[in-house]
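Encoded as structure tokens, the structure appears first; notes follow it.
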Amino acid sequence: MKNIEELISSNRDFFEDEEPSKGHFERFQMKLEKRFSTGSIKRSIVPYLLKAAVVTLLLTLSSLWTWDHFIRSDRGRMTLGDVSPQYKEVENYYIHQVNLVESEITTVDISGNPEQKIMLKKEMESMDSVYIQLQKELKANPNDERIINAMIEHYQTKLEVMSFIVNQLKAIRNENQNSVKHENTSI
């Protein structure tokens with residue numbers, strides 16, 4: 001290192017008088033740009049691959065979840081309408097009647113007792129789970145009249161139970177209204 005310093009200091013006049021050759025600054029600038037621009041152009045692809053892998057994994061998992069909870073679960077069951085057009089009419093009639101009674105239940109105000117709402121909801125879910133099991137059995141044995149009759153009886157029973165509940169709720173509501181009217185007249 002000292003040799004280089006001595007060489008430069010002894011030939012100082014030579015270095016100060018001479019100009020660099022023509023185009024030196026342009027070549028130097030190009031070398032600098034080439035050296036420092038390659039770092040910005042050459043980027044790592046790993047973060048992009050990781051992002052793509054995560055997105056692919058999420059899409060795959062959501063597709064499998066959707067398949068398992070919506071598409072495949074329906075294929076394990078069979079409705080009365082799948083057996084014959086006549087049974088489809090019967091099923092549509094009972095579905096319509098059940099929907100009417102369900103809407104009637106929602107219009108009856110049972111807000112005074114939230115426990116009744118919870119109990120009613122659990123009872124309906126229990127009845128629905130029985131029907132789902134019958135649908136699965138029908139899928140396994142599509143021509144079994146006993147299962148078809150059990151499904152129709154299930155609809156009839158569900159309608160009877162729901163109608164009974166509606167009547168009871170209306171009676172409770174009327175009793176509450178009568179007691180409120182009685183209290184208001186006695187005041």
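In a residue-by-residue description of segment 18-28, the property of being surrounded by 11 or more Cβ atoms within 10 Å (Cβ to Cβ), among the charged types (D, E, K, R) and modelled with pLDDT of 80 or more applies to at least one position. If we scan segment 107-115, do we find a residue that is within 30 Å of the chain's Cα centre (by Cα) and of a type in the set (S, T, N, Q)? Yes; the residues of segment 107-115 include at least one that is within 30 Å of the chain's Cα centre (by Cα) and of a type in the set (S, T, N, Q).
Remark: Ala171 falls outside the filter, which requires a residue to be within 22 Å of Thr79 (Cα to Cα), without any contact (Cβ under 8 Å) to a residue 60 or more places away in the chain and in the same structural domain as Gln86 (by TED's automatic domain parsing). With respect to the conditions (1) assigned to a helix (DSSP H, G or I); (2) modelled with pLDDT of 80 or more; (3) within 24 Å of Glu137 (Cα to Cα), Trp67 falls short on a single one, namely (2).
For Gln97, indicate whether it is surrounded by 14 or more Cβ atoms within 10 Å (Cβ to Cβ), within 28 Å of Arg77 (Cβ to Cβ) and touching a residue at least 40 places away in the same chain (Cβ under 8 Å). Write out each step before concluding.
Details: surrounded by 14 or more Cβ atoms within 10 Å (Cβ to Cβ): yes; within 28 Å of Arg77 (Cβ to Cβ): yes; touching a residue at least 40 places away in the same chain (Cβ under 8 Å): yes.
Considered against the rule, which asks whether it is surrounded by 14 or more Cβ atoms within 10 Å (Cβ to Cβ), within 28 Å of Arg77 (Cβ to Cβ) and touching a residue at least 40 places away in the same chain (Cβ under 8 Å), Gln97 comes out as yes.
Count of segment 34-54 residues, restricted to those that are modelled with pLDDT of 80 or more and surrounded by 10 or more Cβ atoms within 10 Å (Cβ to Cβ), is 7.
The values are calculated or read from the model by the stated rules, or taken from the named source; none is laboratory data. Nothing here was measured: the structure is a model prediction, and the numbers come from that model. Here the Cβ is made from the backbone with ideal geometry for all residues, glycine too, and neighbour counts use every protein chain on show.
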